[in-house]
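Taken together, the values in this text are just the output of simple stated rules run on the coordinates, not laboratory data. All values derive from a computational prediction rather than experimental measurement. Using ideal geometry, Cβ is built from the backbone for each residue, glycine included, and neighbour counts are taken over all protein chains shown.
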């Protein structure tokens with residue numbers, strides 16, 4: 001072998017290695033040992049391989065990124081739906097507790113009115129029909145009936 005043929009063969013092997021990953025088969029035919037590639041062919045093949053490699057890399061990257069974003073969006077929507085359901089449930093509980101509180105206040109006010117009436121009746125009448133034991137009985141019986149309701 002002479003030095004020029006060795007150099008040419010080395011160059012051809014280098015170009016073949018560069019273009020194997022590239023699916024452009026036309027570039028391989030221009031690099032075979034019988035033909036000497038021109039500078040414009042070398043530059044154009046480099047540009048083509050860079051474009052193909054870069055675009056395929058970006059496509060794969062965008063696909064994986066889009067999949068990850070889609071999964072994150074689905075998870076976020078599910079979490080949002082769960083929080084909305086929980087919010088509605090808590091609002092219903094608050095309404096129920098407010099209603100129970102209003103009922104309790106009403107019953108307490110009714111009890112206070114009854115006690116005031118009893119006190120007024122006992123102070124007004126000289127002969128009290130209501131003994132302290134009877135008043136206690138009325139209060140206890142009122143509490144028992146309100147608790148049963």
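Students often check this: by mean Cβ neighbours within 10 Å, which of 78-89, 104-115 ranks highest, and how do the rest follow? Numbers along the way, then the final one.
Details: 78-89: 10.0, 104-115: 11.8.
Going by the mean number of other Cβ atoms within 10 Å, highest first, we get 104-115, 78-89.
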(request) Along Cα→Cβ, 7 Å out, is where each label goes; now give me the distance between the ones at residue 85 and residue 72 in nm to one decimal. (result) 2.5
